[in-house]
Each structure stands twice: as C-alpha cells, then as structure tokens.
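This report concerns only the one structure given below.
The values are calculated or read from the model by the stated rules, or taken from the named source; none is laboratory data. This is a predicted model, so every value here is computed, not measured. Note: ideal-geometry Cβ built from the backbone for every residue, glycine included; neighbour counts use all protein chains shown.
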Amino acid sequence: DTEVTQTPKHLVMGMTNKKSLKCEQHMGHRAMYWYKQKAKKPPELMFVYSYEKLSINESVPSRFSPECPNSSLLNLHLHALQPEDSALYLCASGQGMGGDEKLFFGSGTQLSVL
Amino acid sequence: ILNVEQSPQSLHVQEGDSTNFTCSFPSSNFYALHWYRWETAKSPEALFVMTLNGDEKKKGRISATLNTKEGYSYLYIKGSQPEDSATYLCALVSGFKTIFGAGTRLFVKA
C-alpha cells in the first residue's frame, strides 16, 4: 500500500466553524507533513512531524492545530479560519526527514472558507 | 528564505515535441533536489531524487540533470505525449525542510 489518504476531498466551512482534516498512511513512514497550496503558487510547508513529534512549525497561525495521534495518522484541526485560508491542503509522508527520501502525497483537501 | 524558481510557468507543445524546463535554487545548504509530476485531481508523484552534482537520472522518456554549484536542474521530456500533460514540481531539500517551486504546467496537444 503506497497510498496517502486524505479526507475529506472537499470542505466548505464558515469562519466560526471547527473542522478537522485527516491524513492516513500505512507505509511505516515516520515523517508526515502538511502543506498549503494556493492556485499557481508553490505548496507551502506548514508542519512536519517526525516520530509523532512536531519537528517544524513554519510560523503557522494558531487557528491551525496539527495532531499526530499515532504513526499512521495526521490531523489538522481548523478553528476560526479566515477566507484567505481557502486553499488546497496536502498531506505527505516519507521514510524520514532526510533529503534522499521522496515524499508520498495525498490528493489533498480543497478547503473553502466563507 | 529559501526560494525555488521554476520556468517557464506554463508550456504548450505538440505531441512528439521534445521539451525541457528549469528549476533554480540557492546552492548553499543544498541537500537534495526532488522532481514531482502532478496530474490534475491526483496526488503529486515523485519522479527523481537527486543528490550529487552532475547527477543525471532517467525514467523512460523523462530525464533530469543537476548542477548544485550553479544551483539549477533541468527536466527533459523526449517525444511528448498527451499523457505527459501535468504540472512538474521541483523541490529543494535543505535541512529538514522540503521547499517547492510553483511548477511548470505542461500541456501536450495531440
């Protein structure tokens, strides 16, 4: 199984809602990532987990709250988002955080904040 | 701030044409360069992982070269086919971060 599964595929939420994005992989990967991508822009790194511990937080606003309950799961909890947070949110996993390991991506959650 | 630049932003070619595009990156703190292929409505998929200056990698009709001293990588597609239509992303790995360029969007017309 070389898949990274993200749910939901699409999400529309209001600015007062609380929602969660989910990501799952069963490849035994120890590094998991959240990226945010706006149209025609590069995917931007948000968070990196290594061995279930948060290793990198790229100064992401606290309305985004990541969680890694176990080595196969990665969540992104959303609360009080702004319309400018509308974007594609991509999850990725890798064997480790070394550069010679390719990343495996999910197909993303397209988020719209109204 | 690490900045990865890709050019062109988009490219339209005819079936059978060969094409290439560029990824530029700061050569300091280089650890690896990745190329990914991203078809619409699918997941980005790794094509190549390159770590050494002068590396050349090939996968079917697609190949890539790497120059870490001057900070660039080229991706070549020989005899483009409509199924090659996708966005091609390069990513610089530096430290524990993988930083992406905005991609080159390739359209191959039959």
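Among what's in segment A:63-95 and is closer than 22 Å to residue A:42 by Cα and over 14 Å from the mean Cα position of the chain (by Cα), pick the residue that is surrounded by the most Cβ atoms within 10 Å (Cβ to Cβ).
Step one: of segment A:63-95, the residues closer than 22 Å to residue A:42 by Cα are A:63-66, A:74-76, A:78, A:81-94.
If we keep only those that are over 14 Å from the mean Cα position of the chain (by Cα) as well, we get A:81-84.
Numbers: A:81: 22, A:82: 10, A:83: 9, A:84: 8.
Across segment A:63-95, the extreme among qualifying residues is A:81.
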So which residues in segment A:43-58 are more than 22 Å from residue B:103 (Cβ to Cβ) and in a loop (DSSP other than H, G, I, E, B)? A:51, A:52
Taking the residues in segment A:6-32 that are at the interface with chain B (Cβ under 10 Å from one of its Cβ atoms) and at pLDDT 95 or above as candidates, determine which candidate is surrounded by the fewest Cβ atoms within 10 Å (Cβ to Cβ). A:9
Looking only at segment B:94-109, which residues are part of a strand (DSSP E or B), facing another protein chain (nearest Cβ under 7 Å) and modelled with pLDDT under 90? B:97, B:98
Of all the residues that make up segment A:29-44, how many are more than 11 Å from the chain's Cα centre (by Cα) and charged (D, E, K, R)? 4
Outside any strand (DSSP E or B), within 26 Å of residue A:49 (Cα to Cα) and either more than 13 Å from the chain's Cα centre (by Cα) or not charged (D, E, K, R) (or both): is that true of residue B:91 in this structure? no
Which ones in segment B:17-59 are away from chain A (no Cβ under 13 Å), without any contact (Cβ under 8 Å) to a residue 40 or more places away in the chain and either under 15 Å from the mean Cα position of the chain (by Cα) or closer than 20 Å to residue A:42 by Cα (or both)? B:56, B:58
